[in-house]
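Student: Take this structure, written in structure tokens, and hold onto it; I'll ask about it next.
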Amino acid sequence: HAKKLGRAQATVFDSAIQTSAQSRFALERELRSSINNDALDVFYQPIVDQAGKNVVCMEALVRWNHPQRGWLSPIEFLDIARGSGLMYALGECVLRRVCEDWSEASSSGIQLPTISVNLSAEQVLTVDLPDRIKEICANKRMPVGALQFEVTEDSIQGDSGIIEKVLEQLVQAGAELAIDDFGTGYSSLSRLKSLPFSRIKIDRSFINNLPDDENDCAITLSIIGLARGLGLSVVAEGVEHEAHEAWLLNKGCDYLQGYRYSRPLPFSQIIDRYYSG
Ligand code: C2E
Ligand code: MG
Ligand code: MG
Ligand code: MG
């Protein structure tokens, strides 16, 4: 292509590639140092129950406040973290932050609900993950029983022996387990059956077009039925509109998460909005 476009354009093309490789390299370096300095942030998004819209859980979602670029969301840096082997360290950084926030609330007399933390494939494939989690929680005076962990279908595709052991130990330590983005990944129902999940989170791509899209209605309804049949609770992600909520409540979805209730918020705003006064 470069040849056909002529010299001037080819130069622009080359330097664009170079810049992006450079900025990717810079981002990687900055991300590594932010992780090492425990400088990542965590926002929290409420999950509410169907009856009173009470906050029963909050999902912890990583954010990076970059010195030049400002607040970055996971789509802007998780690929870099994955590509540079930083996912395990990122996960520990997030957990430490969650524990600190929890303890801070607790010492001012605020009892937070269960906090749901996303785990990566790298984490669930690490045999001493449960011990590390228990250690971090103990250091920060956070009960493991106040945690839920979310894994996606794709993150549990690795060595099933290790993953089973790791997840079993987390449950034994008192944590709950949820399967995240359900319906979008590669996973079999036998995997769902053999791992100690207590909750299914329906991916928001199925919720988006409720109740107009018949296929999405059928899929969502069958996931709710599957959860019921297996004795699991079910959360709908990405609930944005009243029509989503009405349909889901009518079909007996247990819990709801989405912009309709709250966007993910910094810890201080969560406290102000839900736990002060
Ligand atoms: P997820 O675990 O499925 O988290 C839910 C995502 O949906 C969040 O995006 C949240 O902001 C967004 N969301 C919630 N309600 C709505 C809604 O009503 N409409 C729309 N359009 N979006 C909504 P976020 O924070 O950008 O995170 C994206 C993904 O990054 C997460 O998806 C999760 O897979 C990953 N992630 C975030 N934090 C962590 C972490 O600490 N560790 C790991 N391993 N992955 C994380
Ligand atoms: Mg999640
Ligand atoms: Mg999800
Ligand atoms: Mg999702």
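The values are calculated or read from the model by the stated rules, or taken from the named source; none is laboratory data. Quick caveat: nothing in here was measured; it's all calculated off a predicted structure. Neighbour counts are summed over all protein chains in view; Cβ atoms, including those assigned to glycine, are modelled from backbone coordinates with ideal geometry. Quick note on the areas: whole protein, heavy atoms, side chains included, nothing else; ligands and nucleic acids left out. Shrake-Rupley method; radii C 1.70, N 1.55, O 1.52, S 1.80 Å.
Student: Counting alpha carbon pairs within less than 8 Å and at least 6 residues apart, what relative contact order, in whole percent, applies to the chain?
Tutor: RCO, the chain: 16 percent.
Student: From largest to smallest, what semi-axes in whole angstrom does region 93-222 give when each is the square root of 5 times an eigenvalue of its alpha carbon gyration tensor?
Tutor: 29, 20, 11
Student: For the chain, what is the accessible area per residue in Å² when the probe is 1.4 Å?
Tutor: 50 Å²
Student: Rounded to the nearest 10 Å², what accessible area does residue 47 have for a 1.4 Å probe in the complete protein model?
Tutor: Roll a 1.4 Å probe over it and residue 47 shows about 0 Å².
Student: Take every Cα-Cα distance within region 161-277, group them into 5 Å bins from 0 onward, and report for each bin the whole-number percent of pairs it holds.
Tutor: In whole percents, the pair-distance histogram is 2, 10, 19, 20, 16, 14, 11, 6, 1, 0.
Student: Let me check I've understood the local charge: for residue 264, count other residues with C-beta under 10 angstrom from its C-beta, Lys and Arg +1, Asp and Glu -1. What total comes out?
Tutor: Spelling it out: positives minus negatives among the neighbours equals +1.
Student: Would you check the accessible area of residue 222, probe 1.4 Å, heavy atoms only, in square angstrom rounded to 10?
Tutor: 70 Å²
Student: Follow-up question, since we're still on this one. Could you tally up the Lys pairs in region 81-219 with alpha carbons closer than 23 Å? Skip any pair fewer than 8 positions apart unless they're on separate chains.
Tutor: Count of close lysine pairs: 4.
Student: Quick one: helix 160-172 against the long Cα principal axis of the chain, what's the angle to the nearest 10°, folded into 0 to 90?
Tutor: 50 degrees
Student: If you roll a 1.4 Å probe over the chain with all protein chains in place, what percent of the accessible area is carbon or sulfur?
Tutor: 49 percent
Student: Angle check, please: helix 7-36 long axis (alpha carbons) against the longest principal axis of the chain (alpha carbons), in degrees 0 to 90, nearest 10.
Tutor: Between the helix axis and the principal axis of the chain, the angle is about 40 degrees.
Student: Can you tell me what share of the DSSP beta bridges in the chain is antiparallel? A percent to the nearest 5 is fine.
Tutor: Working: 15 of 37 bridges.
Counting DSSP beta bridges with both partners in the chain, the antiparallel share is about 40 percent.
Student: Here is a further query. If I take R0 = 30 Å and measure r between the Cβ atoms of residue 190 and residue 228 in this structure, what FRET efficiency does the formula 1/(1 + (r/R0)^6) give, to the nearest 0.05?
Tutor: The formula returns an efficiency of 0.95 here.
Student: Compute log10 of I(q)/I(0) for region 144-190 with the Debye formula, placing one identical point scatterer on every Cα and leaving out solvent, at q = 0.15 Å⁻¹, to two decimals.
Tutor: With one equal scatterer per Cα and no solvent, log10 I(q)/I(0) is -0.39.
Student: Also: Sum -39500 (n - 2.57) across every DSSP H segment of at least 4 residues in the chain, then divide by the residue count to get the 222 nm mean residue ellipticity, nearest 500.
Tutor: -15000 deg cm²/dmol
Student: Ok, one more. Report the rotationally averaged projected area of the chain based on its alpha-carbon convex hull, in square nanometres.
Tutor: Taking the Cα atoms of the chain, their convex hull projects to 18.1 nm² on average.
Student: What does the net charge come to around residue 238 if you take all other residues with beta carbon closer than 11 Å to its beta carbon, with K and R at +1 and D and E at -1?
Tutor: With Lys, Arg at +1 and Asp, Glu at -1, the net is -1.
Student: So, one more: Roughly what angle does helix 74-83 make with the longest principal axis of the chain, taking Cα atoms, 0 to 90 degrees, to the nearest 10?
Tutor: 70 degrees
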